[in-house]
1. Looking at (1) modelled with pLDDT of 90 or more; (2) under 30 Å from CYS275 (Cβ atoms); (3) within 29 Å of the chain's Cα centre (by Cα); (4) not hydrophobic (A, V, I, L, M, F, W, C), which is the only condition TYR261 fails?
2. Among (1) hydrophobic (A, V, I, L, M, F, W, C); (2) over 30 Å from ALA134 (Cα atoms); (3) surrounded by 13 or more Cβ atoms within 10 Å (Cβ to Cβ), where does LEU39 come up short?
3. Conditions: (1) over 30 Å from GLY187 (Cα atoms); (2) β-branched (Val, Ile, Thr); (3) buried (at least 16 other Cβ atoms within 10 Å of the Cβ). THR44 meets all but one. Number of the miss?
4. For the range 268-287, check the following and say yes or no: at least one residue is at pLDDT below 90, basic (Lys, Arg) and over 26 Å from ARG352 (Cβ atoms).
5. Residues of the range 146-194 being among the hydrophobic types (A, V, I, L, M, F, W, C) and loosely packed, with under 12 Cβ neighbours inside 10 Å, which ones?
6. Taking the residues in the range 197-212 that are crowded, with 19+ Cβ neighbours inside 10 Å and in a loop (DSSP other than H, G, I, E, B) as candidates, determine which candidate is nearest to the chain's Cα centre (by Cα).
7. Looking at the range 333-351 only, could you name the residues that are over 15 Å from TRP260 (Cα atoms) and at pLDDT 85 or above?
8. Cβ-Cβ under 7 Å, sequence separation 6+ or interchain: first residue in the range 145-156 and closer than 15 Å to ARG20 by Cβ, partner in a helix (DSSP H, G or I) and of a type in the set (A, V, I, L, M, F, W, C). Which pairs?
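The values are calculated or read from the model by the stated rules, or taken from the named source; none is laboratory data. Keep in mind that what you see is a predicted model, and the values were worked out from it rather than measured. Cβ atoms come from the backbone with ideal geometry, glycine included; neighbour counts cover every protein chain shown.
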Amino acid sequence: MLPEIENLLKLQTVDKEIRRLQDEIAELPKRVAAIEHKLAGTRTQLDKAQAALKGDEAARRKYDGNINELRTRISKYRDQSLDVKTNEQYRALLAEIQFAEAEILANEDRILELMVQADARDKEVKTAQAELKAETGEIEQEKEQARRRTAEDEKLLGDWRAKREQLRSGVREDLLRHYERVSKFRGSGIAEVRDQKCMGCQVILRPQTYNEVRSGKETVVCDSCQRILYFDPEKELVEQKPGIHRPKRHHPKIDASQAWYFRPEFAHEGEVFLCFTNARGQASRRVYDVHTGRLLGDILIREGDFRHAFPEDLTGSTRLNGLWTEEELDGFGSELPMVILDSLNGDLDLARHEASAAAHAKRPVAAAPTEQAAG
């Protein structure tokens, strides 16, 4: 592995830790604000309880004042009744006295209700006061912990930034700029290659690109995601190591209504997957990029089955397993899903291994993967 690649791997680890610390430091003020908001809610609850208690006390004083005023009025009416000269005047004063006495009873009932309610109000105030006191202590402790954690994170951040600058000095400027530009948009600027695949974007690499990364002689970037690629032989998948048993490959049916093929070169597009579908006396052809799954060009339709309609496309191709309906293919749109792409690439790997094993044993394969043999 190139020294610059090793420095970039360390730099990426440092960058991730720096981002984590920055996110944590940025999150701490929000946490403190949430704590203070919670405390403000408890204060509001206490204020409401105290305001309700004061309101009840004010209402009780009002009713007491009403009762005193009504009693004074009754006394006045009784004094006036001693000087009346007619029965009508007497009855009028008596009615006023009875009305005032009824109002006194009503005010006394309201006072009794407030007295009963006062116990609940007082209990509510005391509970809110106790909660506020307890929460204030807990919240101050949490705020102190948050301040202490922020100070620790800022110190660590300074240490990581110093280490970052040291690692940056070990990478040439153009490579460093590329790494930082990709990191800004992708979250990471360097990715491992494993099983002929970029682990950053999960796209299969071209064989030439894969071999260049494995050689470790120069820096190589992924054509799909632009991440800088590296290869760790210690993490190479077991399937890639010689002498390991591979699962027996299932061979596609010759007369299937749909057929998938791999071609290493097609109309200057490089490696492609070809999908042929027979339906209603016609054959359709779709061409997909092997590495990205992107649909290349338009869907071509000709009369007859695909073997007669597109014979020139089958030359030098490798037959693969694959069967999806027209509705599914249309639903995929302009790009194959990654699970479909992985399935095709996996079957292609098995077909290559099968052909290699057959050539090594110097005997014909039971069902050769090439179109000519399949025919």
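1. In the conditions (1) modelled with pLDDT of 90 or more; (2) under 30 Å from CYS275 (Cβ atoms); (3) within 29 Å of the chain's Cα centre (by Cα); (4) not hydrophobic (A, V, I, L, M, F, W, C), TYR261 misses (3) alone.
2. Among (1) hydrophobic (A, V, I, L, M, F, W, C); (2) over 30 Å from ALA134 (Cα atoms); (3) surrounded by 13 or more Cβ atoms within 10 Å (Cβ to Cβ), the lone unmet condition for LEU39 is (2).
3. Condition (3) is where THR44 drops out.
4. So far as the range 268-287 goes, yes, one or more of its residues are at pLDDT below 90, basic (Lys, Arg) and over 26 Å from ARG352 (Cβ atoms).
5. If the condition is that a residue be among the hydrophobic types (A, V, I, L, M, F, W, C) and loosely packed, with under 12 Cβ neighbours inside 10 Å, then ALA151, ALA162, PHE185 are the ones that fit.
6. Filtering the range 197-212 for residues that are crowded, with 19+ Cβ neighbours inside 10 Å and in a loop (DSSP other than H, G, I, E, B), the one nearest to the chain's Cα centre (by Cα) comes out as GLY200.
7. Result: GLY333, SER334, GLU335.
8. Sorted first by the residue in the range 145-156, then by its partner, the pairs are ARG149/LEU28; THR150/ILE25; THR150/LEU28; ASP153/LEU21; ASP153/ILE25; GLU154/ILE25; LEU156/LEU21.
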